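Heads up, the thing below is written out as C-alpha coordinates.
The values are calculated or read from the model by the stated rules, or taken from the named source; none is laboratory data. All values reported here derive from a predicted model rather than from experimental measurement. With ideal geometry, Cβ positions are generated from the backbone for all residues, glycine too; neighbour counts draw on all protein chains shown.
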Amino acid sequence: ALGGVVLLFFVAVGVVGAGLIPMNFFASDNLRIFYVNVEMPSSTSLNETMQKTLEVEQQVKQHLQPQDARSVVAYAGMMFTETEPLYGARYGQLVVSLQSLSAGAREVKAIIESMRSAVEGVPGAVNIAFLELAGGPPAAKPISVKVRGDDYAEIQAATNALKQSLAANAGIKDITDDASPGRQEMNLKLRQDAIRQAGIAPDNVARTLRLLVDGEVVADMQDQGEKLAVRVQSQANDWQAIRQLLDVRLPTPNGGSVPLSELVEANEGVSIGNIRHYNFRRAITLEADLVKRPDEPFYDCRLKPVFTAAAPDYSLCALDTVQANQWLLAAWEQRKAEFPNIDLDFAGQLDDLQESLDAIGVLFLFGIGLMYLILGTQFSSYWQPLMILSTVPMAFTGVVFGLLLTQNPLSLYTLYGVVALAGIAVNSAIVLIAAANDRIELGMSVLHATVYAARRRLIPILITSLTTMAGLFSLATGLGGKSLLWGPVATAIVWGVGFSTVLTLFAIPVLYRVVSRRG
(Lines give C-alpha, C1' and ligand atoms only; values in the text may rest on other atoms or scores of the structure.)
Protein backbone atom coordinates (compact mmCIF):
# COMPACT_ATOMS: atom_id res chain seq x y z
CA ALA A 1 0.00 0.00 0.00
CA LEU A 2 2.72 2.46 0.97
CA GLY A 3 4.74 1.65 -2.16
CA GLY A 4 1.71 2.29 -4.35
CA VAL A 5 1.02 5.64 -2.69
CA VAL A 6 4.63 6.76 -3.17
CA LEU A 7 4.61 5.58 -6.80
CA LEU A 8 1.41 7.50 -7.56
CA PHE A 9 2.89 10.64 -6.00
CA PHE A 10 6.00 10.51 -8.19
CA VAL A 11 3.87 9.82 -11.25
CA ALA A 12 1.86 12.95 -10.41
CA VAL A 13 5.06 15.00 -10.08
CA GLY A 14 6.20 13.65 -13.45
CA VAL A 15 2.90 14.60 -15.08
CA VAL A 16 3.27 18.20 -13.89
CA GLY A 17 6.94 18.36 -14.85
CA ALA A 18 6.25 17.03 -18.34
CA GLY A 19 3.68 19.75 -18.97
CA LEU A 20 0.79 17.35 -19.58
CA ILE A 21 -1.54 19.65 -17.66
CA PRO A 22 -2.47 22.91 -19.44
CA MET A 23 -1.29 25.94 -17.50
CA ASN A 24 -3.25 29.16 -17.46
CA PHE A 25 -2.26 30.81 -14.22
CA PHE A 26 -4.64 33.73 -14.69
CA ALA A 27 -7.62 31.83 -16.07
CA SER A 28 -10.80 33.87 -15.86
CA ASP A 29 -14.32 33.99 -17.21
CA ASN A 30 -14.88 36.47 -20.01
CA LEU A 31 -17.65 39.01 -19.60
CA ARG A 32 -20.21 39.29 -22.40
CA ILE A 33 -18.68 42.51 -23.66
CA PHE A 34 -15.58 43.49 -25.61
CA TYR A 35 -13.92 46.59 -27.03
CA VAL A 36 -12.54 47.26 -30.50
CA ASN A 37 -9.76 49.85 -30.25
CA VAL A 38 -9.00 52.04 -33.26
CA GLU A 39 -5.80 54.10 -33.39
CA MET A 40 -5.28 56.58 -36.21
CA PRO A 41 -2.18 58.56 -37.29
CA SER A 42 -1.29 61.42 -34.96
CA SER A 43 -2.38 64.14 -37.40
CA THR A 44 -5.91 62.74 -37.80
CA SER A 45 -8.80 65.02 -36.90
CA LEU A 46 -11.59 63.96 -34.58
CA ASN A 47 -14.08 63.79 -37.46
CA GLU A 48 -11.78 61.57 -39.53
CA THR A 49 -11.27 59.24 -36.57
CA MET A 50 -15.03 59.01 -36.07
CA GLN A 51 -15.57 58.17 -39.75
CA LYS A 52 -12.97 55.39 -39.59
CA THR A 53 -14.49 54.06 -36.37
CA LEU A 54 -17.88 53.90 -38.09
CA GLU A 55 -16.27 51.89 -40.93
CA VAL A 56 -14.98 49.44 -38.34
CA GLU A 57 -18.45 49.34 -36.79
CA GLN A 58 -19.94 48.27 -40.12
CA GLN A 59 -17.50 45.36 -40.33
CA VAL A 60 -18.31 44.34 -36.76
CA LYS A 61 -22.06 44.40 -37.39
CA GLN A 62 -21.69 42.31 -40.54
CA HIS A 63 -20.16 39.49 -38.50
CA LEU A 64 -22.64 39.62 -35.63
CA GLN A 65 -25.62 37.30 -35.73
CA PRO A 66 -29.05 38.67 -34.75
CA GLN A 67 -29.02 36.85 -31.40
CA ASP A 68 -25.46 37.94 -30.52
CA ALA A 69 -25.42 41.65 -29.81
CA ARG A 70 -27.30 43.69 -27.28
CA SER A 71 -25.77 46.98 -28.43
CA VAL A 72 -22.83 48.39 -30.41
CA VAL A 73 -21.62 51.88 -29.47
CA ALA A 74 -18.95 53.83 -31.37
CA TYR A 75 -17.20 57.01 -30.24
CA ALA A 76 -14.00 58.94 -30.89
CA GLY A 77 -11.74 61.15 -28.82
CA MET A 78 -11.02 58.66 -26.07
CA MET A 79 -10.19 55.00 -25.54
CA PHE A 80 -10.66 52.88 -22.43
CA THR A 81 -7.89 50.37 -21.71
CA GLU A 82 -7.29 47.87 -18.91
CA THR A 83 -5.11 50.38 -17.05
CA GLU A 84 -6.05 53.94 -17.98
CA PRO A 85 -8.23 55.93 -20.39
CA LEU A 86 -6.45 57.55 -23.33
CA TYR A 87 -7.60 60.89 -24.72
CA GLY A 88 -6.93 62.41 -28.13
CA ALA A 89 -8.46 62.97 -31.55
CA ARG A 90 -6.60 59.93 -32.91
CA TYR A 91 -8.38 57.43 -30.64
CA GLY A 92 -11.64 55.68 -31.47
CA GLN A 93 -13.40 52.77 -29.80
CA LEU A 94 -16.35 50.43 -30.17
CA VAL A 95 -18.12 48.85 -27.21
CA VAL A 96 -19.88 45.63 -28.20
CA SER A 97 -22.27 44.36 -25.54
CA LEU A 98 -23.53 40.81 -26.08
CA GLN A 99 -26.67 39.01 -25.03
CA SER A 100 -26.57 36.75 -21.99
CA LEU A 101 -25.11 33.32 -22.67
CA SER A 102 -27.85 30.83 -23.50
CA ALA A 103 -28.25 27.56 -25.37
CA GLY A 104 -26.81 27.91 -28.86
CA ALA A 105 -25.21 31.30 -28.19
CA ARG A 106 -21.64 31.85 -29.33
CA GLU A 107 -18.79 32.46 -26.91
CA VAL A 108 -17.07 35.85 -26.90
CA LYS A 109 -13.85 34.38 -28.29
CA ALA A 110 -15.69 32.69 -31.15
CA ILE A 111 -17.42 35.95 -32.08
CA ILE A 112 -14.15 37.89 -32.04
CA GLU A 113 -12.27 35.32 -34.10
CA SER A 114 -15.06 35.25 -36.70
CA MET A 115 -14.57 38.97 -37.39
CA ARG A 116 -10.88 39.48 -36.56
CA SER A 117 -9.43 39.35 -40.09
CA ALA A 118 -12.11 41.60 -41.59
CA VAL A 119 -11.98 44.18 -38.79
CA GLU A 120 -8.20 44.33 -38.56
CA GLY A 121 -8.06 44.63 -42.36
CA VAL A 122 -9.89 47.98 -42.44
CA PRO A 123 -7.38 50.32 -44.18
CA GLY A 124 -6.20 53.67 -42.86
CA ALA A 125 -5.76 52.91 -39.17
CA VAL A 126 -2.41 52.58 -37.44
CA ASN A 127 -3.69 49.77 -35.25
CA ILE A 128 -6.98 47.97 -34.66
CA ALA A 129 -7.08 45.57 -31.71
CA PHE A 130 -9.66 43.71 -29.64
CA LEU A 131 -9.86 43.98 -25.87
CA GLU A 132 -11.74 41.25 -24.01
CA LEU A 133 -12.99 42.00 -20.52
CA ALA A 134 -12.62 39.26 -17.94
CA GLY A 135 -14.24 38.67 -14.57
CA GLY A 136 -12.27 38.29 -11.38
CA PRO A 137 -9.45 40.47 -10.11
CA PRO A 138 -7.71 42.65 -12.71
CA ALA A 139 -4.71 40.95 -14.30
CA ALA A 140 -1.92 42.20 -16.51
CA LYS A 141 -1.35 40.93 -20.04
CA PRO A 142 0.34 37.52 -20.42
CA ILE A 143 3.15 39.25 -22.32
CA SER A 144 4.22 42.61 -20.94
CA VAL A 145 7.81 43.68 -21.47
CA LYS A 146 9.40 47.07 -20.98
CA VAL A 147 11.91 47.96 -23.69
CA ARG A 148 14.40 50.28 -21.98
CA GLY A 149 17.14 52.51 -23.34
CA ASP A 150 18.40 56.09 -23.66
CA ASP A 151 17.82 56.82 -27.35
CA TYR A 152 14.08 56.91 -28.02
CA ALA A 153 14.53 56.12 -31.72
CA GLU A 154 16.50 53.00 -30.84
CA ILE A 155 13.83 51.99 -28.31
CA GLN A 156 11.14 52.32 -30.98
CA ALA A 157 13.21 50.30 -33.46
CA ALA A 158 13.73 47.51 -30.90
CA THR A 159 10.02 47.55 -30.05
CA ASN A 160 9.09 47.23 -33.72
CA ALA A 161 11.51 44.32 -34.10
CA LEU A 162 9.91 42.54 -31.14
CA LYS A 163 6.44 43.20 -32.55
CA GLN A 164 7.50 41.56 -35.81
CA SER A 165 8.75 38.52 -33.89
CA LEU A 166 5.51 38.27 -31.90
CA ALA A 167 3.39 38.61 -35.03
CA ALA A 168 5.17 35.58 -36.50
CA ASN A 169 3.85 33.35 -33.70
CA ALA A 170 0.33 32.04 -34.37
CA GLY A 171 -0.30 31.67 -30.64
CA ILE A 172 0.02 35.40 -29.93
CA LYS A 173 -2.54 38.10 -30.74
CA ASP A 174 -3.50 41.73 -30.04
CA ILE A 175 0.05 43.12 -29.99
CA THR A 176 0.16 46.72 -28.74
CA ASP A 177 2.57 49.20 -27.18
CA ASP A 178 2.18 52.43 -25.22
CA ALA A 179 4.36 54.57 -27.49
CA SER A 180 2.36 57.74 -28.03
CA PRO A 181 3.23 59.53 -31.27
CA GLY A 182 2.87 63.27 -30.89
CA ARG A 183 1.41 65.71 -33.34
CA GLN A 184 2.69 66.31 -36.83
CA GLU A 185 5.50 68.85 -36.77
CA MET A 186 7.76 70.70 -39.18
CA ASN A 187 11.31 71.67 -38.34
CA LEU A 188 12.48 74.85 -40.08
CA LYS A 189 16.08 75.85 -40.68
CA LEU A 190 16.93 79.29 -42.08
CA ARG A 191 18.67 79.38 -45.46
CA GLN A 192 21.19 82.11 -44.80
CA ASP A 193 22.30 82.47 -48.44
CA ALA A 194 18.73 82.82 -49.74
CA ILE A 195 17.85 85.32 -47.00
CA ARG A 196 20.88 87.51 -47.80
CA GLN A 197 20.11 87.29 -51.50
CA ALA A 198 16.54 88.50 -50.85
CA GLY A 199 17.88 91.39 -48.75
CA ILE A 200 15.87 90.42 -45.66
CA ALA A 201 17.28 90.38 -42.15
CA PRO A 202 17.32 86.87 -40.61
CA ASP A 203 15.70 88.31 -37.46
CA ASN A 204 12.69 89.41 -39.52
CA VAL A 205 12.24 85.88 -40.91
CA ALA A 206 12.43 84.37 -37.43
CA ARG A 207 10.00 86.97 -36.07
CA THR A 208 7.53 86.31 -38.89
CA LEU A 209 7.58 82.60 -38.09
CA ARG A 210 7.03 83.36 -34.42
CA LEU A 211 4.05 85.62 -35.21
CA LEU A 212 2.52 82.96 -37.45
CA VAL A 213 2.81 80.16 -34.90
CA ASP A 214 3.04 81.28 -31.28
CA GLY A 215 2.65 85.02 -31.52
CA GLU A 216 4.71 87.64 -29.72
CA VAL A 217 4.06 89.62 -26.55
CA VAL A 218 4.31 93.32 -27.46
CA ALA A 219 2.93 95.02 -24.34
CA ASP A 220 1.39 94.59 -20.91
CA MET A 221 -1.87 96.06 -19.65
CA GLN A 222 -3.83 96.19 -16.41
CA ASP A 223 -7.39 94.93 -16.12
CA GLN A 224 -8.96 95.47 -12.67
CA GLY A 225 -5.57 95.13 -11.05
CA GLU A 226 -4.63 92.03 -13.01
CA LYS A 227 -1.63 92.15 -15.31
CA LEU A 228 -2.38 90.88 -18.82
CA ALA A 229 0.01 90.27 -21.71
CA VAL A 230 -0.90 91.64 -25.14
CA ARG A 231 0.08 89.07 -27.75
CA VAL A 232 0.11 89.68 -31.50
CA GLN A 233 -0.55 86.55 -33.53
CA SER A 234 -1.58 85.71 -37.08
CA GLN A 235 -5.29 85.02 -37.53
CA ALA A 236 -4.44 82.18 -39.86
CA ASN A 237 -2.85 80.07 -37.13
CA ASP A 238 -5.24 77.15 -37.55
CA TRP A 239 -3.53 75.57 -40.54
CA GLN A 240 -5.46 72.87 -42.40
CA ALA A 241 -2.13 71.61 -43.76
CA ILE A 242 1.14 72.36 -42.10
CA ARG A 243 2.82 73.27 -45.39
CA GLN A 244 0.36 76.15 -45.92
CA LEU A 245 2.55 78.09 -43.53
CA LEU A 246 5.34 78.10 -46.13
CA ASP A 247 3.11 79.90 -48.65
CA VAL A 248 3.16 83.11 -46.57
CA ARG A 249 5.11 85.80 -48.42
CA LEU A 250 7.55 88.27 -46.87
CA PRO A 251 8.14 91.76 -48.35
CA THR A 252 11.58 92.51 -49.77
CA PRO A 253 13.38 95.91 -49.81
CA ASN A 254 12.90 96.25 -53.60
CA GLY A 255 9.10 96.22 -53.23
CA GLY A 256 8.58 92.59 -54.14
CA SER A 257 7.86 89.57 -51.97
CA VAL A 258 9.25 86.10 -51.47
CA PRO A 259 7.53 83.00 -49.99
CA LEU A 260 8.85 81.50 -46.79
CA SER A 261 9.46 78.21 -48.60
CA GLU A 262 12.41 79.86 -50.41
CA LEU A 263 13.93 81.19 -47.20
CA VAL A 264 13.78 78.14 -44.96
CA GLU A 265 14.55 74.43 -45.21
CA ALA A 266 11.54 72.42 -44.01
CA ASN A 267 11.53 68.85 -42.70
CA GLU A 268 8.23 67.28 -41.71
CA GLY A 269 7.90 64.61 -39.07
CA VAL A 270 5.98 63.42 -36.04
CA SER A 271 6.94 64.64 -32.61
CA ILE A 272 7.36 62.31 -29.65
CA GLY A 273 4.29 62.15 -27.44
CA ASN A 274 4.57 61.01 -23.84
CA ILE A 275 8.03 59.72 -22.96
CA ARG A 276 7.62 57.17 -20.20
CA HIS A 277 10.39 56.07 -17.88
CA TYR A 278 11.02 52.87 -15.95
CA ASN A 279 13.84 52.61 -13.42
CA PHE A 280 15.38 55.91 -14.56
CA ARG A 281 15.52 55.00 -18.27
CA ARG A 282 13.20 55.73 -21.15
CA ALA A 283 10.88 52.82 -21.84
CA ILE A 284 8.12 51.58 -24.11
CA THR A 285 5.84 48.85 -22.76
CA LEU A 286 5.03 46.13 -25.28
CA GLU A 287 1.99 43.95 -24.53
CA ALA A 288 0.28 41.02 -26.20
CA ASP A 289 -2.40 38.46 -25.45
CA LEU A 290 -2.40 34.71 -26.04
CA VAL A 291 -4.72 32.74 -28.29
CA LYS A 292 -6.87 30.39 -26.23
CA ARG A 293 -7.33 26.94 -27.76
CA PRO A 294 -9.70 24.91 -25.53
CA ASP A 295 -9.97 22.16 -28.15
CA GLU A 296 -6.24 21.64 -28.69
CA PRO A 297 -5.25 18.02 -29.53
CA PHE A 298 -3.83 16.38 -26.41
CA TYR A 299 -1.30 14.17 -28.19
CA ASP A 300 0.15 16.83 -30.51
CA CYS A 301 0.24 19.55 -27.88
CA ARG A 302 1.03 17.67 -24.65
CA LEU A 303 2.43 14.19 -25.24
CA LYS A 304 4.38 14.60 -28.49
CA PRO A 305 6.59 17.51 -27.28
CA VAL A 306 7.56 15.45 -24.20
CA PHE A 307 8.90 12.53 -26.25
CA THR A 308 10.29 14.43 -29.26
CA ALA A 309 11.51 17.64 -27.57
CA ALA A 310 10.07 19.51 -30.55
CA ALA A 311 8.24 22.81 -30.15
CA PRO A 312 4.44 22.46 -30.47
CA ASP A 313 2.59 23.87 -33.45
CA TYR A 314 1.14 27.05 -31.98
CA SER A 315 -1.44 27.26 -34.72
CA LEU A 316 -2.99 24.23 -32.96
CA CYS A 317 -1.63 24.50 -29.42
CA ALA A 318 -2.00 27.22 -26.83
CA LEU A 319 0.91 29.03 -25.23
CA ASP A 320 0.92 29.65 -21.51
CA THR A 321 2.39 32.74 -19.85
CA VAL A 322 5.75 31.17 -19.01
CA GLN A 323 6.18 29.58 -22.45
CA ALA A 324 5.26 32.82 -24.23
CA ASN A 325 7.77 34.91 -22.30
CA GLN A 326 10.49 32.29 -22.74
CA TRP A 327 9.78 32.25 -26.47
CA LEU A 328 9.98 36.06 -26.63
CA LEU A 329 13.26 36.05 -24.70
CA ALA A 330 14.72 33.50 -27.15
CA ALA A 331 13.59 35.65 -30.09
CA TRP A 332 15.22 38.69 -28.49
CA GLU A 333 18.52 36.84 -28.01
CA GLN A 334 18.70 36.43 -31.79
CA ARG A 335 18.28 40.16 -32.41
CA LYS A 336 19.75 41.88 -29.36
CA ALA A 337 23.08 42.46 -31.17
CA GLU A 338 21.23 44.94 -33.42
CA PHE A 339 20.30 47.01 -30.35
CA PRO A 340 23.30 46.95 -27.97
CA ASN A 341 21.98 49.75 -25.76
CA ILE A 342 18.55 48.20 -25.18
CA ASP A 343 17.51 45.90 -22.36
CA LEU A 344 14.21 44.18 -21.56
CA ASP A 345 12.34 44.07 -18.29
CA PHE A 346 9.62 41.44 -18.20
CA ALA A 347 6.56 42.36 -16.17
CA GLY A 348 2.85 41.69 -16.64
CA GLN A 349 1.48 38.30 -15.70
CA LEU A 350 4.99 36.84 -15.41
CA ASP A 351 5.86 39.32 -12.67
CA ASP A 352 2.48 38.86 -10.97
CA LEU A 353 2.88 35.09 -11.23
CA GLN A 354 6.25 35.10 -9.49
CA GLU A 355 4.91 37.26 -6.66
CA SER A 356 1.84 35.06 -6.27
CA LEU A 357 3.85 31.82 -6.28
CA ASP A 358 6.22 33.21 -3.67
CA ALA A 359 3.27 34.24 -1.48
CA ILE A 360 1.51 30.89 -1.92
CA GLY A 361 4.68 29.00 -1.02
CA VAL A 362 5.17 30.99 2.17
CA LEU A 363 1.51 30.65 3.19
CA PHE A 364 1.50 26.92 2.43
CA LEU A 365 4.58 26.28 4.59
CA PHE A 366 3.15 28.47 7.34
CA GLY A 367 -0.12 26.51 7.25
CA ILE A 368 1.67 23.15 7.35
CA GLY A 369 3.81 24.31 10.27
CA LEU A 370 0.79 25.59 12.16
CA MET A 371 -1.07 22.31 11.60
CA TYR A 372 1.94 20.36 12.86
CA LEU A 373 2.06 22.43 16.06
CA ILE A 374 -1.66 21.98 16.71
CA LEU A 375 -1.59 18.24 15.99
CA GLY A 376 1.58 17.74 18.02
CA THR A 377 -0.07 19.43 20.99
CA GLN A 378 -3.26 17.42 20.56
CA PHE A 379 -1.63 13.98 20.19
CA SER A 380 1.48 14.62 22.34
CA SER A 381 3.62 13.04 19.65
CA TYR A 382 6.24 14.04 17.11
CA TRP A 383 5.47 11.24 14.62
CA GLN A 384 1.69 11.14 14.51
CA PRO A 385 1.36 14.71 13.10
CA LEU A 386 3.76 13.70 10.33
CA MET A 387 1.57 10.68 9.55
CA ILE A 388 -1.45 12.94 9.35
CA LEU A 389 0.35 15.46 7.12
CA SER A 390 1.35 12.66 4.75
CA THR A 391 -2.21 12.90 3.41
CA VAL A 392 -1.30 16.24 1.81
CA PRO A 393 0.88 14.60 -0.91
CA MET A 394 -1.95 12.10 -1.40
CA ALA A 395 -4.34 14.98 -2.01
CA PHE A 396 -1.85 16.57 -4.42
CA THR A 397 -1.81 13.30 -6.37
CA GLY A 398 -5.57 13.46 -6.73
CA VAL A 399 -5.44 17.09 -7.87
CA VAL A 400 -2.94 16.28 -10.62
CA PHE A 401 -4.88 13.29 -11.96
CA GLY A 402 -8.13 15.25 -11.77
CA LEU A 403 -6.73 18.14 -13.82
CA LEU A 404 -5.13 15.69 -16.26
CA LEU A 405 -8.38 13.82 -16.93
CA THR A 406 -10.61 16.90 -17.10
CA GLN A 407 -7.96 19.04 -18.89
CA ASN A 408 -8.81 21.96 -16.64
CA PRO A 409 -5.95 24.48 -16.51
CA LEU A 410 -3.58 24.75 -13.60
CA SER A 411 -4.19 28.32 -12.42
CA LEU A 412 -3.35 30.40 -9.39
CA TYR A 413 -6.85 29.77 -8.09
CA THR A 414 -6.20 26.04 -8.41
CA LEU A 415 -3.12 26.48 -6.24
CA TYR A 416 -5.24 28.37 -3.72
CA GLY A 417 -7.54 25.35 -3.76
CA VAL A 418 -4.58 23.06 -3.08
CA VAL A 419 -3.61 25.17 -0.07
CA ALA A 420 -7.19 24.98 1.23
CA LEU A 421 -7.25 21.26 0.46
CA ALA A 422 -4.33 20.70 2.82
CA GLY A 423 -6.62 21.56 5.71
CA ILE A 424 -9.42 19.31 4.44
CA ALA A 425 -7.38 16.24 3.53
CA VAL A 426 -6.00 15.72 7.05
CA ASN A 427 -9.44 15.27 8.62
CA SER A 428 -9.79 11.58 7.75
CA ALA A 429 -6.34 10.77 9.14
CA ILE A 430 -7.10 12.68 12.35
CA VAL A 431 -10.27 10.65 12.88
CA LEU A 432 -8.46 7.34 12.30
CA ILE A 433 -5.49 8.08 14.54
CA ALA A 434 -7.63 9.54 17.33
CA ALA A 435 -9.81 6.41 17.37
CA ALA A 436 -6.77 4.12 17.44
CA ASN A 437 -5.16 6.12 20.27
CA ASP A 438 -8.33 5.84 22.36
CA ARG A 439 -8.35 2.04 21.98
CA ILE A 440 -4.68 1.76 22.94
CA GLU A 441 -5.32 3.82 26.10
CA LEU A 442 -8.00 1.27 27.00
CA GLY A 443 -5.39 -1.51 26.80
CA MET A 444 -5.98 -2.79 23.28
CA SER A 445 -2.96 -3.93 21.24
CA VAL A 446 -1.65 -1.83 18.33
CA LEU A 447 -2.88 -4.32 15.74
CA HIS A 448 -6.38 -4.58 17.19
CA ALA A 449 -6.58 -0.81 17.77
CA THR A 450 -5.61 -0.18 14.14
CA VAL A 451 -8.18 -2.64 12.81
CA TYR A 452 -10.85 -1.25 15.14
CA ALA A 453 -10.23 2.35 14.02
CA ALA A 454 -10.23 1.38 10.34
CA ARG A 455 -13.54 -0.49 10.66
CA ARG A 456 -15.43 1.84 12.99
CA ARG A 457 -14.39 5.10 11.28
CA LEU A 458 -14.84 3.88 7.69
CA ILE A 459 -18.46 5.02 7.27
CA PRO A 460 -18.05 8.46 8.97
CA ILE A 461 -14.97 9.18 6.83
CA LEU A 462 -16.71 8.16 3.61
CA ILE A 463 -19.84 10.16 4.43
CA THR A 464 -17.83 13.28 5.29
CA SER A 465 -15.76 13.05 2.10
CA LEU A 466 -18.71 12.25 -0.15
CA THR A 467 -20.76 15.19 1.14
CA THR A 468 -17.81 17.53 0.54
CA MET A 469 -17.37 16.19 -2.98
CA ALA A 470 -21.10 16.31 -3.69
CA GLY A 471 -21.28 19.97 -2.70
CA LEU A 472 -18.63 20.90 -5.27
CA PHE A 473 -19.50 18.34 -7.93
CA SER A 474 -21.73 20.57 -10.07
CA LEU A 475 -19.15 23.37 -10.10
CA ALA A 476 -16.32 20.96 -10.91
CA THR A 477 -18.17 19.29 -13.79
CA GLY A 478 -19.69 22.48 -15.18
CA LEU A 479 -23.33 21.49 -14.70
CA GLY A 480 -25.35 24.59 -15.40
CA GLY A 481 -22.34 26.51 -16.72
CA LYS A 482 -18.58 26.09 -16.86
CA SER A 483 -16.36 28.54 -14.99
CA LEU A 484 -12.66 28.86 -15.82
CA LEU A 485 -12.22 30.83 -12.61
CA TRP A 486 -13.79 28.47 -10.06
CA GLY A 487 -14.18 25.22 -12.00
CA PRO A 488 -10.51 24.19 -11.65
CA VAL A 489 -10.62 25.06 -7.93
CA ALA A 490 -13.63 22.80 -7.39
CA THR A 491 -12.01 20.08 -9.54
CA ALA A 492 -8.85 20.23 -7.43
CA ILE A 493 -10.78 19.90 -4.17
CA VAL A 494 -13.11 17.12 -5.41
CA TRP A 495 -10.34 14.95 -6.82
CA GLY A 496 -7.97 15.79 -3.97
CA VAL A 497 -10.51 14.83 -1.31
CA GLY A 498 -11.47 11.67 -3.19
CA PHE A 499 -7.90 10.43 -3.70
CA SER A 500 -6.70 11.38 -0.23
CA THR A 501 -9.69 9.65 1.38
CA VAL A 502 -9.17 6.36 -0.46
CA LEU A 503 -5.41 6.39 0.03
CA THR A 504 -5.80 7.41 3.68
CA LEU A 505 -8.01 4.39 4.41
CA PHE A 506 -5.22 2.10 3.19
CA ALA A 507 -2.00 3.93 3.98
CA ILE A 508 -2.64 5.52 7.39
CA PRO A 509 -3.48 2.24 9.22
CA VAL A 510 -0.28 0.69 7.83
CA LEU A 511 1.80 3.72 8.79
CA TYR A 512 0.21 3.84 12.23
CA ARG A 513 1.01 0.22 12.94
CA VAL A 514 4.62 0.51 11.68
CA VAL A 515 5.37 3.68 13.65
CA SER A 516 3.61 2.48 16.81
CA ARG A 517 5.49 -0.84 16.81
CA ARG A 518 8.82 0.97 16.43
CA GLY A 519 7.83 3.39 19.18
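Go through 390, 380 for me and flag whichever is free of Cβ contacts under 8 Å to residues at least 12 places away in the same chain and closer than 21 Å to residue 513 by Cα.
Numbers: 390 fails: free of Cβ contacts under 8 Å to residues at least 12 places away in the same chain.
Unique residue meeting the criteria: 380.
Being among the acidic types (Asp, Glu) and in a strand (DSSP E or B) is the filter; apply it to segment 267-296 and report the residue that is modelled with the lowest pLDDT. Within segment 267-296, the match that is modelled with the lowest pLDDT is 268.
Selection of segment 438-490 for residues being in contact with a Phe, Trp or Tyr (Cβ under 7 Å, 6 or more places away or on another chain), farther than 12 Å from residue 505 by Cα and part of a helix (DSSP H, G or I) yields 439, 475, 488, 489. Within segment 448-463, residues that are surrounded by fewer than 16 Cβ atoms within 10 Å (Cβ to Cβ) reach partners that are of a type in the set (Ser, Thr, Tyr) with beta carbons closer than 8 Å, at six or more positions or on different chains, in the pairs 462/501.
Take the residues of segment 14-58 that are more than 28 Å from residue 86 (Cβ to Cβ) and surrounded by fewer than 14 Cβ atoms within 10 Å (Cβ to Cβ): which is modelled with the lowest pLDDT? Applying the filter and picking the extreme gives 18.
Taking the criterion of being of a type in the set (Gly, Ala, Ser) and either touching a Leu at 6+ places or on another chain (Cβ under 9 Å) or within 23 Å of residue 51 (Cα to Cα) (or both), the residues of segment 74-113 that qualify are 74, 76, 77, 88, 89, 92, 97, 105.
Pick from segment 182-191 the residues that are modelled with pLDDT of 85 or more and surrounded by 11 or more Cβ atoms within 10 Å (Cβ to Cβ): which of them is farthest from residue 45 (Cα to Cα)? Talk me through it step by step, then tell me what you get.
Taking segment 182-191 as the starting set, the residues that turn out to be modelled with pLDDT of 85 or more are 189-191.
Checking which are surrounded by 11 or more Cβ atoms within 10 Å (Cβ to Cβ) leaves us with 190-191.
On the way: 190: 30, 191: 32 Å.
By that ranking, first place goes to 191.
If you go through segment 364-414 and keep only what is in a helix (DSSP H, G or I), more than 26 Å from residue 11 (Cβ to Cβ) and hydroxyl-bearing (Ser, Thr, Tyr), you end up with 372, 377. Screening residue 105 with (1) under 24 Å from the mean Cα position of the chain (by Cα); (2) modelled with pLDDT under 80 gives one miss only, at (1).
Here is a yes/no grid of residues against (1) assigned by TED's automatic domain parsing to the domain that holds residue 127; (2) of a type in the set (A, V, I, L, M, F, W, C); (3) touching a helix residue (DSSP H, G or I) at 6+ places or on another chain (Cβ under 8 Å):
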{"residue": "37", "(1), (2), (3)": "yes, no, no"}
{"residue": "41", "(1), (2), (3)": "yes, no, no"}
{"residue": "64", "(1), (2), (3)": "yes, yes, yes"}
{"residue": "83", "(1), (2), (3)": "yes, no, no"}
{"residue": "86", "(1), (2), (3)": "yes, yes, no"}
{"residue": "91", "(1), (2), (3)": "yes, no, yes"}
{"residue": "96", "(1), (2), (3)": "yes, yes, yes"}
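Applying the criterion of being in a helix (DSSP H, G or I) and out of contact with any strand residue (DSSP E or B) (no Cβ under 8 Å at 6 or more places or on another chain) to the residues of segment 59-73, the residue that is surrounded by the most Cβ atoms within 10 Å (Cβ to Cβ) is 59. Of the residues making up segment 370-391, those that are loosely packed, with under 12 Cβ neighbours inside 10 Å and either under 25 Å from residue 465 (Cβ atoms) or modelled with pLDDT under 90 (or both) number 5. Of all the residues in segment 492-510, those that are surrounded by fewer than 24 Cβ atoms within 10 Å (Cβ to Cβ), in contact (Cβ under 8 Å) with a residue 40 or more places away in the chain and within 30 Å of residue 21 (Cβ to Cβ) number 5.
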